[in-house]
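Contents: one structure, followed by commentary.
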Amino acid sequence: MTASDRRRAFLLGHDAEFWAGLLLRAKGYRILAERYLRAGGEIDLIAQRFGTLVFVEVKARPSLDEALAAISEAKLARMARAARAFLAARQAQPKVIRCDAILVAPGSWPRHIEAIGDLPLD
């Protein structure tokens, strides 16, 4: 991958996170963190609505199916490391914790998928 390709991929991901944040806000979520990096893990968006805390993976690919397929077990494990760090820093723990995905592809509305996988938080 050339430097130009990496830059283009970075910008596509950054744009996808922007649209994902707008979608969540429109659904009534409050964004608590963006691009959260801790404990060797990364979470694109952390949001909350009512008593539910949501760790969100945003994937942008040429199609929504490709975006969904790009979310691997290894990615969920990295998210779990960061999620444990986020939860450890909080005073109050949420009633419900969920791992969601927002898929972004050109020519399609972003797709929000709730509960895409289990995050091993213990």
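The values are calculated or read from the model by the stated rules, or taken from the named source; none is laboratory data. None of these values were measured; they are calculated from a predicted model. With ideal geometry, Cβ positions are generated from the backbone for all residues, glycine too; neighbour counts draw on all protein chains shown.
How many of the residues making up the range 52-97 are basic (Lys, Arg), out of contact with any helix residue (DSSP H, G or I) (no Cβ under 6 Å at 6 or more places or on another chain) and under 19 Å from residue 31 (Cα atoms)? Don't jump to the end; show me each part of the working.
First, pick out the residues of the range 52-97 that are basic (Lys, Arg): 59, 61, 75, 78, 81, 84, 90, 95.
Restricting the remaining residues to those that are out of contact with any helix residue (DSSP H, G or I) (no Cβ under 6 Å at 6 or more places or on another chain) gives 75, 78, 81, 84, 90, 95.
Now restrict to residues that are under 19 Å from residue 31 (Cα atoms): 84, 90, 95.
The number of residues fulfilling the criteria is 3.
Just a yes or no: is a residue in the range 32-44 in contact with an Asp or Glu (Cβ under 6 Å, 6 or more places away or on another chain) and either of a type in the set (Ser, Thr, Tyr) or at pLDDT 95 or above (or both)?
Yes - at least one qualifying residue is present in the range 32-44.
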Q.
Going by what's in this entry, would residue 108 be described as surrounded by fewer than 16 Cβ atoms within 10 Å (Cβ to Cβ), under 21 Å from residue 18 (Cβ atoms) and in contact with a helix residue (DSSP H, G or I) (Cβ under 7 Å, 6 or more places away or on another chain)?
A. yes
(Q) Show the residue pairs meeting these rules: Cβ distance below 9 Å; 6+ apart or different chains; first residue within the range 52-71 and over 15 Å from residue 32 (Cα atoms) and in contact (Cβ under 8 Å) with a residue 12 or more places away in the chain; second residue among the charged types (D, E, K, R) and assigned to a loop (DSSP other than H, G, I, E, B). (A) 67/61; 68/61
(Q) Just to be sure I understand, how many residues within the range 94-122 are of a type outside the set (Lys, Arg) and within 16 Å of residue 33 (Cα to Cα)? (A) 6
